[in-house]
1. Could you work out how far apart the two model spin labels at A:Asp128 and B:Arg101 are, taking each label as a point 7 Å from the Cα in the direction of the beta carbon, and quote it in nm?
2. Among residues other than A:Asn51 whose Cβ falls under 13 Å from its Cβ, what is the net charge (Lys/Arg +1, Asp/Glu -1)?
3. With contacts defined as alpha carbon pairs under 8 Å and 6 or more residues apart, what's the relative contact order of chain A in percent?
4. Can you give me the angle between helix A:201-211 and the longest principal axis of chain A, using Cα atoms only, in degrees from 0 to 90, rounded to the nearest 10?
5. Using a Gaussian network model on chain B with a 10 Å cutoff between Cα atoms, which of B:Ala200, B:Ala189, B:Ala224 fluctuates the most?
6. Give the angle, between 0 and 90 degrees and rounded to the nearest 10, that separates the Cα long axis of helix A:105-120 from the longest principal axis of the Cα atoms of chain A.
7. Which whole-number percentage describes the relative contact order of region A:179-249, with Cα contacts under 8 Å and a sequence gap of 6 or more?
8. If you place +1 on the Cβ of every Lys and Arg and -1 on the Cβ of every Asp and Glu, how big does the dipole about the Cα centre of region B:47-140 come out, in debye to the nearest 20?
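The values are calculated or read from the model by the stated rules, or taken from the named source; none is laboratory data. None of these values were measured; they are calculated from a predicted model. Backbone-built Cβ (ideal geometry, glycine too); neighbour counts: all protein chains shown. What goes into the accessible areas is simple: the full protein's heavy atoms, side chains included, and nothing from ligands, DNA or RNA. Shrake-Rupley method; radii C 1.70, N 1.55, O 1.52, S 1.80 Å.
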Amino acid sequence: MQLSTFQDGFCAALLGPAADAQWLLALESQPGFAVYRNTVVKGCIDALQANYPTVGQLVGDDWFRAAAAVFARAQPPRKGLLVSYGEGFADFLAGFAPAAELPYLSAVACLDRCWTECHLAADATAVDRQWLAQQTPDTLYQASLQPHPAARWAWCDEHPAYALWQSHREGLHPNEALEWTGDGALLTRPHAEVVWHPLSRAGTAFLDACAKGHTLEAAATSALNAEPTADFAALISTLLDAGALIPTD
Amino acid sequence: MAPALTAGLGLKPLHFDEALRCTAPGLWWEVHPENYLAAGGPRLAWLEAIRARHPVALHGVSLSLAADAPPDTAHLARLAALARRVEPAIMSEHLAWSTWRGQYLPDLLPFPRTQAALQRIADNIARTQDVLQRPIAIENPTHYLHIDGHDWLETDFLAELVRRTGCALLLDVNNVYISANNLGFDAQAYLEAFPLHAVAEIHLAGHHADPVHGDALLIDSHDAPVAPAVWALYAQVIARTGPVPTLIERDDNLPVFSELLTERDQAHSALTAVQPEDAPCS
(Lines give C-alpha, C1' and ligand atoms only; values in the text may rest on other atoms or scores of the structure.)
Protein backbone atom coordinates (compact mmCIF):
# COMPACT_ATOMS: atom_id res chain seq x y z
CA MET A 1 0.00 0.00 0.00
CA GLN A 2 1.21 3.48 -0.83
CA LEU A 3 2.02 5.67 2.17
CA SER A 4 -0.40 8.34 0.91
CA THR A 5 -3.22 5.75 0.63
CA PHE A 6 -2.57 4.67 4.21
CA GLN A 7 -2.61 8.28 5.39
CA ASP A 8 -5.81 9.13 3.51
CA GLY A 9 -7.58 6.15 5.05
CA PHE A 10 -6.15 6.57 8.55
CA CYS A 11 -7.00 10.27 8.58
CA ALA A 12 -10.59 9.62 7.46
CA ALA A 13 -11.02 6.88 10.08
CA LEU A 14 -9.65 9.14 12.83
CA LEU A 15 -12.04 11.96 12.07
CA GLY A 16 -15.06 10.40 10.48
CA PRO A 17 -17.54 7.57 10.81
CA ALA A 18 -16.62 3.91 10.67
CA ALA A 19 -14.46 2.91 7.73
CA ASP A 20 -15.45 0.38 5.08
CA ALA A 21 -12.03 -0.84 3.86
CA GLN A 22 -10.94 -4.11 5.44
CA TRP A 23 -7.48 -2.87 6.37
CA LEU A 24 -8.99 0.11 8.18
CA LEU A 25 -11.53 -2.03 9.98
CA ALA A 26 -8.62 -4.15 11.17
CA LEU A 27 -7.05 -1.02 12.70
CA GLU A 28 -10.26 0.49 14.05
CA SER A 29 -11.24 -2.74 15.77
CA GLN A 30 -8.13 -2.62 17.96
CA PRO A 31 -8.46 -0.85 21.35
CA GLY A 32 -5.40 1.25 20.52
CA PHE A 33 -7.16 3.10 17.69
CA ALA A 34 -9.22 5.03 20.23
CA VAL A 35 -6.00 6.34 21.77
CA TYR A 36 -5.22 8.21 18.54
CA ARG A 37 -8.82 9.39 18.14
CA ASN A 38 -8.90 10.70 21.71
CA THR A 39 -5.48 12.32 21.51
CA VAL A 40 -6.30 14.21 18.31
CA VAL A 41 -9.59 15.59 19.68
CA LYS A 42 -8.08 16.32 23.10
CA GLY A 43 -5.17 18.17 21.48
CA CYS A 44 -7.55 20.51 19.65
CA ILE A 45 -9.81 21.07 22.65
CA ASP A 46 -6.92 21.64 25.07
CA ALA A 47 -5.45 24.23 22.69
CA LEU A 48 -8.78 26.06 22.43
CA GLN A 49 -9.19 25.97 26.20
CA ALA A 50 -5.72 27.46 26.64
CA ASN A 51 -6.38 30.14 24.01
CA TYR A 52 -9.89 31.10 25.22
CA PRO A 53 -9.55 31.04 29.03
CA THR A 54 -12.12 33.76 29.67
CA VAL A 55 -14.79 32.04 27.59
CA GLY A 56 -13.94 28.89 29.55
CA GLN A 57 -14.46 30.69 32.87
CA LEU A 58 -17.80 32.09 31.75
CA VAL A 59 -19.29 28.80 30.56
CA GLY A 60 -17.47 26.17 32.63
CA ASP A 61 -15.30 23.25 31.53
CA ASP A 62 -18.00 20.86 30.32
CA TRP A 63 -19.82 23.40 28.16
CA PHE A 64 -16.56 24.77 26.80
CA ARG A 65 -15.12 21.38 25.87
CA ALA A 66 -18.35 20.30 24.19
CA ALA A 67 -18.45 23.50 22.12
CA ALA A 68 -14.72 23.23 21.35
CA ALA A 69 -15.22 19.68 20.05
CA VAL A 70 -17.88 20.94 17.61
CA PHE A 71 -15.59 23.79 16.52
CA ALA A 72 -12.56 21.50 16.12
CA ARG A 73 -14.54 19.24 13.81
CA ALA A 74 -15.71 22.20 11.70
CA GLN A 75 -12.42 24.11 11.69
CA PRO A 76 -9.55 21.75 12.50
CA PRO A 77 -6.04 23.17 12.91
CA ARG A 78 -4.21 23.69 9.63
CA LYS A 79 -0.76 23.88 11.20
CA GLY A 80 1.11 22.54 14.18
CA LEU A 81 1.23 25.91 15.91
CA LEU A 82 -1.57 25.27 18.40
CA VAL A 83 -0.59 28.35 20.40
CA SER A 84 -2.46 30.35 17.78
CA TYR A 85 -5.21 27.83 16.95
CA GLY A 86 -8.85 28.92 16.99
CA GLU A 87 -8.88 32.08 14.92
CA GLY A 88 -12.52 31.60 13.92
CA PHE A 89 -13.83 30.64 17.38
CA ALA A 90 -15.50 34.00 18.15
CA ASP A 91 -17.43 33.95 14.87
CA PHE A 92 -18.31 30.31 15.47
CA LEU A 93 -19.76 31.13 18.90
CA ALA A 94 -21.85 33.95 17.38
CA GLY A 95 -23.69 31.36 15.28
CA PHE A 96 -23.61 28.47 17.76
CA ALA A 97 -27.19 27.78 18.81
CA PRO A 98 -26.40 26.59 22.39
CA ALA A 99 -24.67 29.97 22.98
CA ALA A 100 -27.80 31.95 22.09
CA GLU A 101 -28.53 32.62 25.78
CA LEU A 102 -25.07 34.15 26.19
CA PRO A 103 -25.08 36.74 23.40
CA TYR A 104 -21.93 38.44 24.74
CA LEU A 105 -19.85 35.26 24.53
CA SER A 106 -18.61 35.89 21.00
CA ALA A 107 -17.38 39.39 21.90
CA VAL A 108 -15.56 38.01 24.96
CA ALA A 109 -13.99 35.33 22.73
CA CYS A 110 -12.85 38.12 20.42
CA LEU A 111 -10.94 39.66 23.34
CA ASP A 112 -9.32 36.33 24.22
CA ARG A 113 -8.23 36.18 20.59
CA CYS A 114 -6.88 39.73 20.81
CA TRP A 115 -4.78 38.62 23.80
CA THR A 116 -3.29 35.67 21.89
CA GLU A 117 -2.48 37.77 18.83
CA CYS A 118 -0.98 40.53 20.97
CA HIS A 119 1.10 37.97 22.89
CA LEU A 120 2.60 36.40 19.75
CA ALA A 121 3.06 39.47 17.52
CA ALA A 122 6.35 40.98 16.40
CA ASP A 123 8.37 43.39 18.56
CA ALA A 124 8.67 47.06 17.57
CA THR A 125 9.61 50.32 19.28
CA ALA A 126 6.56 52.43 20.01
CA VAL A 127 6.48 56.21 19.78
CA ASP A 128 6.14 58.00 23.12
CA ARG A 129 5.21 61.41 24.48
CA GLN A 130 8.66 62.71 23.65
CA TRP A 131 7.94 62.07 19.98
CA LEU A 132 4.72 64.04 20.35
CA ALA A 133 6.55 66.93 22.02
CA GLN A 134 8.98 67.15 19.10
CA GLN A 135 6.22 67.68 16.54
CA THR A 136 5.09 71.13 15.44
CA PRO A 137 1.35 71.58 14.90
CA ASP A 138 1.96 71.74 11.15
CA THR A 139 3.91 68.51 10.90
CA LEU A 140 1.81 66.70 13.48
CA TYR A 141 -1.44 66.71 11.57
CA GLN A 142 0.11 65.60 8.30
CA ALA A 143 2.17 62.89 9.99
CA SER A 144 0.90 59.38 10.22
CA LEU A 145 1.51 56.64 12.74
CA GLN A 146 0.58 52.98 12.47
CA PRO A 147 -0.64 50.63 15.13
CA HIS A 148 2.09 48.63 16.88
CA PRO A 149 2.19 45.06 15.45
CA ALA A 150 1.05 43.78 18.86
CA ALA A 151 -1.76 46.32 19.37
CA ARG A 152 -5.27 44.88 19.20
CA TRP A 153 -8.49 46.74 19.79
CA ALA A 154 -12.16 45.89 19.75
CA TRP A 155 -15.49 47.61 20.26
CA CYS A 156 -18.73 45.89 21.22
CA ASP A 157 -21.93 47.92 20.74
CA GLU A 158 -24.38 45.75 22.65
CA HIS A 159 -22.55 44.32 25.64
CA PRO A 160 -19.90 45.35 28.18
CA ALA A 161 -17.64 42.64 26.74
CA TYR A 162 -14.46 44.32 27.93
CA ALA A 163 -15.75 44.83 31.47
CA LEU A 164 -16.73 41.14 31.63
CA TRP A 165 -13.46 39.99 30.07
CA GLN A 166 -11.30 42.23 32.23
CA SER A 167 -12.95 41.22 35.49
CA HIS A 168 -12.45 37.54 34.72
CA ARG A 169 -8.87 38.03 33.54
CA GLU A 170 -8.08 39.90 36.75
CA GLY A 171 -9.93 37.39 38.90
CA LEU A 172 -12.39 39.98 40.16
CA HIS A 173 -15.68 38.14 39.53
CA PRO A 174 -17.79 41.27 40.07
CA ASN A 175 -20.92 40.75 42.11
CA GLU A 176 -22.26 44.22 41.56
CA ALA A 177 -24.40 44.61 38.46
CA LEU A 178 -22.47 45.76 35.42
CA GLU A 179 -23.74 48.78 33.61
CA TRP A 180 -24.99 46.99 30.51
CA THR A 181 -23.66 49.23 27.76
CA GLY A 182 -21.22 48.63 24.95
CA ASP A 183 -17.51 49.13 25.60
CA GLY A 184 -14.12 48.84 23.94
CA ALA A 185 -10.68 47.45 24.70
CA LEU A 186 -7.08 48.09 23.80
CA LEU A 187 -4.47 45.38 24.29
CA THR A 188 -0.79 46.20 23.93
CA ARG A 189 2.59 44.91 24.96
CA PRO A 190 4.47 48.05 26.05
CA HIS A 191 7.21 46.14 27.86
CA ALA A 192 7.08 42.36 27.81
CA GLU A 193 3.66 41.15 28.86
CA VAL A 194 0.24 41.89 27.40
CA VAL A 195 -1.63 44.72 29.18
CA TRP A 196 -5.15 46.03 28.59
CA HIS A 197 -7.03 49.29 28.89
CA PRO A 198 -10.58 50.43 28.24
CA LEU A 199 -10.84 52.18 24.89
CA SER A 200 -13.47 54.67 23.78
CA ARG A 201 -15.35 54.47 20.52
CA ALA A 202 -13.23 57.42 19.41
CA GLY A 203 -10.11 55.40 20.20
CA THR A 204 -11.18 52.43 18.12
CA ALA A 205 -12.06 54.75 15.21
CA PHE A 206 -8.68 56.48 15.55
CA LEU A 207 -6.75 53.18 15.47
CA ASP A 208 -8.86 51.90 12.57
CA ALA A 209 -7.90 55.03 10.61
CA CYS A 210 -4.20 54.71 11.52
CA ALA A 211 -4.28 51.07 10.37
CA LYS A 212 -5.56 52.27 7.00
CA GLY A 213 -2.58 54.62 6.70
CA HIS A 214 -4.52 57.86 7.21
CA THR A 215 -2.79 61.01 8.49
CA LEU A 216 -3.21 61.90 12.14
CA GLU A 217 -5.53 64.70 11.07
CA ALA A 218 -7.78 62.29 9.20
CA ALA A 219 -7.60 59.80 12.06
CA ALA A 220 -8.55 62.53 14.53
CA THR A 221 -11.51 63.47 12.34
CA SER A 222 -12.63 59.83 12.29
CA ALA A 223 -12.33 59.70 16.06
CA LEU A 224 -14.39 62.83 16.61
CA ASN A 225 -16.99 61.72 14.07
CA ALA A 226 -17.40 58.48 15.98
CA GLU A 227 -17.63 60.28 19.32
CA PRO A 228 -18.02 64.08 19.08
CA THR A 229 -17.49 64.60 22.83
CA ALA A 230 -14.21 62.66 22.95
CA ASP A 231 -11.26 64.15 24.83
CA PHE A 232 -8.74 63.84 22.03
CA ALA A 233 -5.67 64.90 24.05
CA ALA A 234 -6.46 62.27 26.68
CA LEU A 235 -6.98 59.66 23.98
CA ILE A 236 -3.58 60.35 22.41
CA SER A 237 -1.93 60.14 25.83
CA THR A 238 -3.58 56.79 26.48
CA LEU A 239 -2.43 55.40 23.14
CA LEU A 240 1.14 56.66 23.51
CA ASP A 241 1.48 55.47 27.10
CA ALA A 242 0.14 52.05 26.11
CA GLY A 243 2.69 51.75 23.31
CA ALA A 244 -0.05 51.38 20.72
CA LEU A 245 1.59 53.33 17.89
CA ILE A 246 4.80 53.11 15.87
CA PRO A 247 6.27 55.32 13.16
CA THR A 248 5.05 54.68 9.64
CA ASP A 249 7.60 53.01 7.37
CA MET B 1 34.84 23.98 27.21
CA ALA B 2 31.10 23.98 27.83
CA PRO B 3 30.06 21.62 30.62
CA ALA B 4 28.60 18.34 29.40
CA LEU B 5 24.84 17.99 29.30
CA THR B 6 23.62 15.36 31.72
CA ALA B 7 19.94 15.32 32.61
CA GLY B 8 17.43 17.92 31.42
CA LEU B 9 13.82 18.85 31.94
CA GLY B 10 10.98 20.04 29.74
CA LEU B 11 10.55 23.79 30.24
CA LYS B 12 7.08 24.71 31.50
CA PRO B 13 5.90 28.33 31.75
CA LEU B 14 4.62 27.51 35.25
CA HIS B 15 8.18 26.80 36.41
CA PHE B 16 9.90 29.49 34.43
CA ASP B 17 11.32 31.55 37.31
CA GLU B 18 12.63 28.47 39.13
CA ALA B 19 14.04 27.11 35.87
CA LEU B 20 15.92 30.33 35.27
CA ARG B 21 17.46 30.34 38.75
CA CYS B 22 18.31 26.64 38.91
CA THR B 23 22.04 25.92 38.92
CA ALA B 24 22.07 22.11 39.00
CA PRO B 25 25.21 20.86 37.22
CA GLY B 26 24.67 19.49 33.72
CA LEU B 27 21.08 20.78 33.62
CA TRP B 28 19.54 21.66 30.26
CA TRP B 29 16.05 22.49 29.08
CA GLU B 30 13.96 21.16 26.24
CA VAL B 31 11.07 22.95 24.55
CA HIS B 32 8.71 22.26 21.69
CA PRO B 33 9.71 24.85 19.07
CA GLU B 34 6.04 25.07 18.03
CA ASN B 35 5.42 27.01 21.25
CA TYR B 36 8.12 29.56 20.40
CA LEU B 37 7.62 30.19 16.68
CA ALA B 38 6.15 33.58 17.52
CA ALA B 39 7.09 36.70 15.57
CA GLY B 40 8.17 38.32 18.84
CA GLY B 41 6.98 38.92 22.36
CA PRO B 42 7.46 37.40 25.79
CA ARG B 43 7.75 33.75 24.76
CA LEU B 44 10.90 34.36 22.77
CA ALA B 45 12.19 36.60 25.53
CA TRP B 46 11.66 33.78 28.09
CA LEU B 47 13.44 31.30 25.88
CA GLU B 48 16.37 33.63 25.29
CA ALA B 49 16.64 34.33 29.01
CA ILE B 50 16.81 30.58 29.70
CA ARG B 51 19.24 30.09 26.84
CA ALA B 52 21.53 32.75 28.30
CA ARG B 53 22.02 30.50 31.33
CA HIS B 54 21.47 26.93 30.16
CA PRO B 55 21.76 24.76 27.05
CA VAL B 56 18.43 24.33 25.27
CA ALA B 57 17.17 21.52 23.02
CA LEU B 58 14.38 21.98 20.46
CA HIS B 59 12.08 18.96 20.25
CA GLY B 60 9.62 19.35 17.37
CA VAL B 61 6.23 17.65 17.30
CA SER B 62 4.71 18.82 14.03
CA LEU B 63 7.16 18.49 11.13
CA SER B 64 5.31 15.34 10.10
CA LEU B 65 8.41 13.68 8.64
CA ALA B 66 6.58 10.41 7.99
CA ALA B 67 3.85 12.04 5.89
CA ASP B 68 3.97 11.17 2.21
CA ALA B 69 4.73 14.82 1.43
CA PRO B 70 7.70 17.13 1.96
CA PRO B 71 7.77 19.13 5.19
CA ASP B 72 6.09 22.55 5.07
CA THR B 73 8.68 25.01 3.75
CA ALA B 74 7.34 28.00 5.71
CA HIS B 75 7.42 25.98 8.95
CA LEU B 76 10.95 24.80 8.19
CA ALA B 77 12.10 28.35 7.51
CA ARG B 78 10.69 29.56 10.83
CA LEU B 79 12.26 26.59 12.61
CA ALA B 80 15.61 27.44 11.04
CA ALA B 81 15.27 31.05 12.20
CA LEU B 82 14.52 29.88 15.75
CA ALA B 83 17.51 27.53 15.64
CA ARG B 84 19.78 30.40 14.59
CA ARG B 85 18.42 32.48 17.44
CA VAL B 86 18.66 29.80 20.15
CA GLU B 87 21.61 27.72 18.89
CA PRO B 88 20.15 24.56 20.42
CA ALA B 89 22.39 21.82 21.77
CA ILE B 90 20.14 19.21 20.09
CA MET B 91 17.24 19.38 17.61
CA SER B 92 14.90 16.45 17.32
CA GLU B 93 11.68 15.22 15.72
CA HIS B 94 9.59 12.07 15.60
CA LEU B 95 9.33 9.05 13.33
CA ALA B 96 5.66 9.86 12.81
CA TRP B 97 3.24 11.99 10.82
CA SER B 98 0.76 14.61 12.02
CA THR B 99 -0.05 16.89 9.09
CA TRP B 100 -1.89 15.54 6.11
CA ARG B 101 -3.44 17.39 3.16
CA GLY B 102 -3.50 20.71 4.97
CA GLN B 103 -4.86 19.48 8.27
CA TYR B 104 -2.88 19.14 11.49
CA LEU B 105 -3.79 16.16 13.68
CA PRO B 106 -2.25 16.84 17.08
CA ASP B 107 -0.72 13.41 17.60
CA LEU B 108 2.21 11.30 16.42
CA LEU B 109 0.64 8.86 14.00
CA PRO B 110 1.89 5.44 12.85
CA PHE B 111 2.52 4.07 9.36
CA PRO B 112 3.65 0.85 7.69
CA ARG B 113 7.46 0.81 7.49
CA THR B 114 7.67 0.05 3.79
CA GLN B 115 10.53 0.58 1.39
CA ALA B 116 8.68 3.58 -0.07
CA ALA B 117 8.12 5.05 3.39
CA LEU B 118 11.83 4.70 4.11
CA GLN B 119 12.70 6.59 0.94
CA ARG B 120 10.17 9.35 1.63
CA ILE B 121 11.20 9.81 5.26
CA ALA B 122 14.91 9.77 4.41
CA ASP B 123 14.21 12.51 1.83
CA ASN B 124 12.22 14.52 4.38
CA ILE B 125 14.96 14.24 7.00
CA ALA B 126 17.64 15.21 4.48
CA ARG B 127 15.61 18.22 3.36
CA THR B 128 15.07 19.27 6.98
CA GLN B 129 18.74 18.95 7.82
CA ASP B 130 19.66 20.96 4.72
CA VAL B 131 17.41 23.83 5.77
CA LEU B 132 18.39 23.70 9.43
CA GLN B 133 22.07 23.27 8.58
CA ARG B 134 22.49 20.71 11.33
CA PRO B 135 21.64 17.06 11.98
CA ILE B 136 18.41 16.25 13.77
CA ALA B 137 17.72 13.32 16.10
CA ILE B 138 14.75 11.10 15.22
CA GLU B 139 12.65 9.64 18.06
CA ASN B 140 11.21 6.14 18.11
CA PRO B 141 7.42 6.41 18.43
CA THR B 142 4.94 4.93 20.90
CA HIS B 143 2.83 2.16 19.38
CA TYR B 144 -0.78 1.33 20.08
CA LEU B 145 -1.69 -0.63 16.93
CA HIS B 146 -0.69 -3.76 15.08
CA ILE B 147 -0.25 -2.60 11.50
CA ASP B 148 0.13 -4.96 8.56
CA GLY B 149 2.61 -4.41 5.78
CA HIS B 150 5.86 -3.54 7.55
CA ASP B 151 8.88 -4.35 5.37
CA TRP B 152 11.31 -3.26 8.06
CA LEU B 153 11.80 -3.79 11.77
CA GLU B 154 11.73 -0.42 13.48
CA THR B 155 15.30 -0.73 14.75
CA ASP B 156 16.57 -1.54 11.24
CA PHE B 157 14.46 1.25 9.76
CA LEU B 158 16.01 3.77 12.15
CA ALA B 159 19.52 2.44 11.48
CA GLU B 160 18.92 2.81 7.75
CA LEU B 161 17.71 6.41 8.20
CA VAL B 162 20.93 7.13 10.10
CA ARG B 163 22.99 5.53 7.34
CA ARG B 164 21.22 7.39 4.54
CA THR B 165 20.88 10.86 6.09
CA GLY B 166 23.49 11.15 8.82
CA CYS B 167 20.71 11.94 11.30
CA ALA B 168 21.05 11.02 14.95
CA LEU B 169 18.49 9.18 17.07
CA LEU B 170 16.51 10.09 20.15
CA LEU B 171 15.82 6.93 22.12
CA ASP B 172 12.63 7.24 24.16
CA VAL B 173 12.90 4.39 26.64
CA ASN B 174 9.35 4.91 27.88
CA ASN B 175 8.08 4.57 24.31
CA VAL B 176 9.96 1.29 23.96
CA TYR B 177 8.49 0.00 27.21
CA ILE B 178 4.93 1.01 26.26
CA SER B 179 5.18 -0.28 22.68
CA ALA B 180 6.62 -3.60 23.84
CA ASN B 181 3.74 -3.93 26.28
CA ASN B 182 1.04 -2.90 23.80
CA LEU B 183 2.31 -4.89 20.80
CA GLY B 184 3.70 -7.84 22.73
CA PHE B 185 7.40 -7.72 21.91
CA ASP B 186 10.41 -7.89 24.18
CA ALA B 187 11.71 -4.44 25.17
CA GLN B 188 15.18 -5.73 25.98
CA ALA B 189 15.51 -7.45 22.62
CA TYR B 190 14.39 -4.24 20.90
CA LEU B 191 17.02 -2.25 22.80
CA GLU B 192 19.68 -4.81 21.97
CA ALA B 193 18.87 -4.32 18.28
CA PHE B 194 18.68 -0.52 18.57
CA PRO B 195 21.48 1.40 16.80
CA LEU B 196 22.79 2.85 20.04
CA HIS B 197 25.88 4.34 18.38
CA ALA B 198 23.61 7.01 16.84
CA VAL B 199 21.75 7.98 20.02
CA ALA B 200 22.27 11.69 20.79
CA GLU B 201 19.53 11.98 23.42
CA ILE B 202 17.37 9.78 25.62
CA HIS B 203 13.83 10.52 26.80
CA LEU B 204 12.26 9.19 29.98
CA ALA B 205 8.63 9.79 30.92
CA GLY B 206 5.70 8.43 32.86
CA HIS B 207 2.74 6.51 31.48
CA HIS B 208 -0.54 5.16 32.69
CA ALA B 209 -2.84 2.23 32.03
CA ASP B 210 -5.85 2.79 29.78
CA PRO B 211 -8.96 3.34 31.94
CA VAL B 212 -10.91 0.68 29.99
CA HIS B 213 -8.33 -1.88 28.93
CA GLY B 214 -5.97 -1.61 31.90
CA ASP B 215 -2.35 -2.71 31.67
CA ALA B 216 -2.93 -4.35 28.28
CA LEU B 217 -2.95 -0.85 26.79
CA LEU B 218 -0.47 1.61 28.27
CA ILE B 219 -0.78 5.28 27.31
CA ASP B 220 2.23 7.57 26.82
CA SER B 221 0.67 10.27 28.95
CA HIS B 222 3.71 12.12 30.38
CA ASP B 223 1.59 12.78 33.46
CA ALA B 224 3.36 10.69 36.09
CA PRO B 225 6.85 9.94 37.41
CA VAL B 226 9.04 7.60 35.34
CA ALA B 227 8.08 3.99 36.12
CA PRO B 228 10.63 1.71 37.89
CA ALA B 229 10.65 -0.69 34.91
CA VAL B 230 11.59 2.20 32.60
CA TRP B 231 14.39 3.29 34.96
CA ALA B 232 15.68 -0.32 34.85
CA LEU B 233 15.75 -0.37 31.05
CA TYR B 234 17.44 3.04 31.08
CA ALA B 235 20.19 1.76 33.36
CA GLN B 236 20.84 -1.07 30.90
CA VAL B 237 20.99 1.35 27.98
CA ILE B 238 23.43 3.81 29.51
CA ALA B 239 25.63 0.97 30.74
CA ARG B 240 26.16 0.29 27.04
CA THR B 241 26.19 3.83 25.63
CA GLY B 242 27.93 5.71 28.41
CA PRO B 243 26.53 9.11 29.34
CA VAL B 244 23.94 10.44 26.88
CA PRO B 245 21.93 13.66 27.52
CA THR B 246 18.69 12.48 29.08
CA LEU B 247 15.40 14.32 29.39
CA ILE B 248 12.65 13.78 31.92
CA GLU B 249 9.44 14.60 30.02
CA ARG B 250 6.50 15.78 32.06
CA ASP B 251 3.64 17.54 30.27
CA ASP B 252 0.57 16.95 32.38
CA ASN B 253 -0.39 16.71 36.05
CA LEU B 254 2.67 18.84 36.79
CA PRO B 255 4.16 18.49 40.27
CA VAL B 256 6.04 21.26 42.08
CA PHE B 257 9.39 22.13 40.56
CA SER B 258 11.42 20.52 43.34
CA GLU B 259 9.77 17.17 42.65
CA LEU B 260 10.71 17.31 38.97
CA LEU B 261 14.23 18.31 39.93
CA THR B 262 14.52 15.30 42.24
CA GLU B 263 13.52 13.00 39.39
CA ARG B 264 15.97 14.77 37.12
CA ASP B 265 18.72 14.33 39.73
CA GLN B 266 18.12 10.58 39.62
CA ALA B 267 18.99 10.57 35.90
CA HIS B 268 21.91 12.93 36.52
CA SER B 269 23.33 10.57 39.16
CA ALA B 270 22.91 7.58 36.86
CA LEU B 271 24.72 9.41 34.05
CA THR B 272 27.61 10.56 36.20
CA ALA B 273 28.02 7.01 37.53
CA VAL B 274 28.58 5.44 34.09
CA GLN B 275 32.00 5.77 32.55
CA PRO B 276 32.22 6.53 28.85
CA GLU B 277 35.52 4.69 28.40
CA ASP B 278 34.14 1.55 30.05
CA ALA B 279 31.17 1.50 27.75
CA PRO B 280 31.91 0.97 24.12
CA CYS B 281 28.79 1.62 22.09
CA SER B 282 27.28 -1.33 20.37
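1. 5.5 nm
2. Once positives and negatives cancel, what remains is -3.
3. About 17 percent, as a whole number.
4. For A:201-211 against chain A, the angle is about 80 degrees.
5. Greatest mean-square fluctuation among the candidates belongs to B:Ala189.
6. 80 degrees
7. Dividing the mean separation by the residue count of region A:179-249 yields 27 percent.
8. 200 debye
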